[in-house]
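One structure is given below, encoded as structure tokens.
The values are calculated or read from the model by the stated rules, or taken from the named source; none is laboratory data. Predicted, not measured: the structure shown is a model, and the values here were computed from it. Glycine also receives a Cβ, built like all others from the backbone with ideal geometry; neighbour counts cover every protein chain displayed.
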Amino acid sequence: MTDQKRAQQTDAEHKFSDQPEGGEYHQHAEGGERLTTAQGVTIADNQNSLRAGAPGPTLLEDFVMREKIFHFDHERIPERVVHARGFGAHGTFECTKDLSDITRAAPFQEVSKTTETFVRFSTVAGSKGSPDLARDVRGFATKFYTDEGNWDLVGNNIPVFFIQDAIKFPDLIHAAKPEPDTGYPQAQTAHDNFWDYISLTPESMHMIMWVMSDRAIPRSFSTMEGFGVHTFRFVNREGKSTFVKFFWKPHMGLQSKTWNEALKTNGADPDRHRRITWEEITGGMPPKWDLCVQLFDQDFADRFDFDVLDPTKIIPEEDLPPEKVGTMTLDRVVDNFFAETEQVAFCTQNVVPGIDFTDDPLLQGRNFSYLDTQLKRLGSPNFTKIPVNAPKGCPVANYQQDGHMQTEQHIPGRINYEPNGWGEGPREDPLEGYTSFPQTVQGEKRRLRPESFNDHYSQARQFYISQTDVEQNHIRDALVFELSKCEMEAVRVRVVSHLLNIDEGLARGVADLLGIPAMPKPAPAAQPTRQDLKESPALSIVKNGPDSFKGRVIGLLTSDGADADLLKALKDAAEAEGAKVKIVAPKIGGITDSAGTHHPADEKVDGGPSVLFDAVAVIPGQGTADDLAKLPATRDFLADAFAHCKFIALGGAAGPVTKAAGLDGQLDSGCFPLGAGSDVAGFVKACRDLRFWDRERAN
Ligand code: HDE
């Protein structure tokens, strides 16, 4: 287990931590593993290069040094052109519904059947080193190692996309990435190029509503949904096709950050989402999602008001409830980030018998792009042999050979072609092999967009009206934030002209907060916005939050002399809910409570701001509260928790901290005074709700 390995290595570090006096530090093999070159030659000295004299010139002859530095020089591979920042983990998918009458796809043939998976979550716009809490779409790519080959479901945490045709993708991404002359901004769409492009691309408006909502700043990967986006086909053994849309539903419910909190989290812990995922898996709380499907036939598709092949549209869950077909548990972290997370190569073309494509023009374009990009990134068509990419559930046998970094020859001997007269080697299997659905196709060869893709605003409006008032305000504020970073007024005005086609109140709110002097006319629309689409509660985060506080964390700011009974009661109440308490203290060494018990701290106060916790408690000791309150980080801890609408528990001695945070006289019913005999469990139960949103409404 990787965690045990880390623990062993940490112990080993202690053994070696004393430096020998006045000398260099050599670790000699004493019966242990020997250090060698890549050619297997044992290395005698890994600290000094080969020199003529001391000091003297370093000799070119030093193959040990040259090989070592040569390899180092070539350690980097091109980062992904999009989705560069990612985090991967292994898991298992367990089928809970037999779908063998609908599809012959291996993972769905039998209840309880398990299939190994590898998932990589990602942000889209930022580079590999960008912060996790950027406002962005999250990638949710899953490789199923089925026993009929690898199936890659390369989805996002948002069910629609910005554009309807793959030919537009390079422009969209160029506009979103840092501007080409300055090289900034990093991992942000808050700049002119992005909004200029968007304001000239009305089909992006539905996606823009999602990206400006709190969906784009999730609390963790474990609290976001995933979507296959496109309509795919399931095909059964009789060759019958059923349309399918895929959903991943998180067991922890939907949860997000607030924008101000996200900005601060990026400073406090740029690896927030990676760290949470690692800790969930290694801490025995493996994240889980249900895989759900919307299944429908051509008749339903024809009756539905939008084109099911248009990737800027959804089928509302209330119109066609997604059915649960299985559960995925991510239960194993990677052994090596580069080998697995960086080298994993997802391709939308990776389908297995029983799963097929549709004519969605975005999907068709993706089927070219992903294979192509893997060759660029991984440097060889043999990337399929890298263990994380190789099929696990079935044999691989073909006559593909050679190429850079070939590591094996499947078929030894003379035969490397088919058909052959030797009667040996792998052969086609027309019955069991992959067969494309025999769809009838006809039409003129032209560059065109179907009229059925013309309605760009109705579902954008439906998304907006389905949000709670708090969420609607967040969308407005996000638009205002982003557009305030645009220098060109024309861009801001053009965006507002589109918002007028979505919701007049939203458009006016944004225009007002941007200081736009006169409202523009609504943008010309290819099709008028339908006002009759019903609200879809499934689209709101707040309406689909968690029903328990399980898996979340209370940040406890405390100091020497803190009430021992209260600390214990808080810990017990949190654990009873399946949650944790982490101690934040003035010194990382920890605190000693009123009963003389020592508690090591998890964070020193200026390294553990409240943005890292789901709820907070402030329980200082009687004699130390004043000193605690003097620390600027203490003031921010409480003031931020309050501003981010978190539930707050305040111990009896918290007065000086409350005052320093500027909250005297402002405490509301999201703040729980705790003293001897108070209802600590009541506080933890209140934390089941995502936030105390009334605080935001009151301001
Ligand atoms: Fe991607 N996308 N994409 N994309 N995408 C890539 O492939 C592309 C789109 C998605 O964790 C690239 O291996 C085109 C939609 C994820 O490794 C590249 C178009 C959706 C990941 C590429 C789209 C996605 C990628 C870059 C428009 C949601 C990360 C590196 C036609 C359904 C996979 C790579 C991972 C990655 C192309 C649009 C999801 C260049 C041309 C829509 C999750 O091939």
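Couple of notes before you dig in:
- The stretch 365-382 residues that are assigned by TED's automatic domain parsing to the domain that holds Val351, paired with ones that are part of a helix (DSSP H, G or I) and within 7 Å of the ligand (Cβ to nearest atom) (beta carbon under 6 Å, 6 or more apart): Gly365/Ala166
- Answer residue from the stretch 204-253, given it is of a type in the set (D, E, K, R) and within 13 Å of the ligand (Cβ to nearest atom) and is surrounded by the fewest Cβ atoms within 10 Å (Cβ to Cβ) among those: Lys245
- Considering only residues in the stretch 528-545 that are surrounded by 15 or more Cβ atoms within 10 Å (Cβ to Cβ) and in a loop (DSSP other than H, G, I, E, B), the one that is farthest from the chain's Cα centre (by Cα) turns out to be Thr529.
- Among the residues of the stretch 104-124, those that are away from the ligand (no atom under 12 Å from the Cβ) and either in contact (Cβ under 8 Å) with a residue 40 or more places away in the chain or touching a Lys or Arg at 6+ places or on another chain (Cβ under 6 Å) (or both) comprise Arg104, Ala105, Ala106, Pro107, Phe108, Thr115, Glu116, Thr117.
- Test: residue in the stretch 608-622 that is at pLDDT below 95 and over 18 Å from Gln255 (Cβ atoms): yes
- Failed item, numbered, when Thr658 is tested on (1) assigned to a loop (DSSP other than H, G, I, E, B); (2) among the hydroxyl-bearing types (Ser, Thr, Tyr); (3) in contact with a strand residue (DSSP E or B) (Cβ under 8 Å, 6 or more places away or on another chain): (1)
- Hey, Asp147 in the same structural domain as Glu238 (by TED's automatic domain parsing), within 13 Å of the ligand (Cβ to nearest atom) and surrounded by fewer than 23 Cβ atoms within 10 Å (Cβ to Cβ) or not: no
- Looking across the stretch 257-287, the residues that are among the aliphatic types (A, V, I, L, M) and part of a helix (DSSP H, G or I) come down to Ala262, Leu263, Ala268, Ile276, Ile281.
- Pairing residues of the stretch 325-350 that are under 20 Å from His230 (Cα atoms) with residues that are more than 14 Å from the ligand (Cβ to nearest atom) and part of a loop (DSSP other than H, G, I, E, B), at Cβ distances under 8 Å and at least 6 apart in sequence or on separate chains, gives Val325/Thr96; Val325/Lys97; Val325/Leu99; Gly326/Thr96; Gly326/Lys97.
Every residue, every condition in (1) within 16 Å of the ligand (Cβ to nearest atom); (2) assigned to a loop (DSSP other than H, G, I, E, B); (3) buried (at least 16 other Cβ atoms within 10 Å of the Cβ); (4) among the β-branched types (Val, Ile, Thr), yes or no:
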site	(1), (2), (3), (4)
Val64	no, no, yes, yes
Glu67	no, no, no, no
Phe72	no, no, no, no
Glu75	no, yes, no, no
Arg80	yes, yes, yes, no
His83	yes, yes, yes, no
Phe87	yes, no, yes, no
Gly91	yes, no, yes, no
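- Single residue of the stretch 346-368 satisfying the filter (near the ligand (Cβ under 8 Å from one of its atoms) and aromatic (Phe, Trp, Tyr)) that is farthest from Pro391 (Cα to Cα): Phe368
- Sole exception among (1) farther than 16 Å from Arg691 by Cβ; (2) over 28 Å from the mean Cα position of the chain (by Cα); (3) crowded, with 21+ Cβ neighbours inside 10 Å for Lys659, by number: (3)
- Cross-chain or 6+ apart pairs with Cβ under 6 Å, the stretch 422-444 first and farther than 24 Å from Arg233 by Cα, then part of a loop (DSSP other than H, G, I, E, B) and among the hydrophobic types (A, V, I, L, M, F, W, C): Trp422/Ile415; Glu424/Ile415; Gly425/Ile411; Gly425/Ile415; Pro426/Ala397
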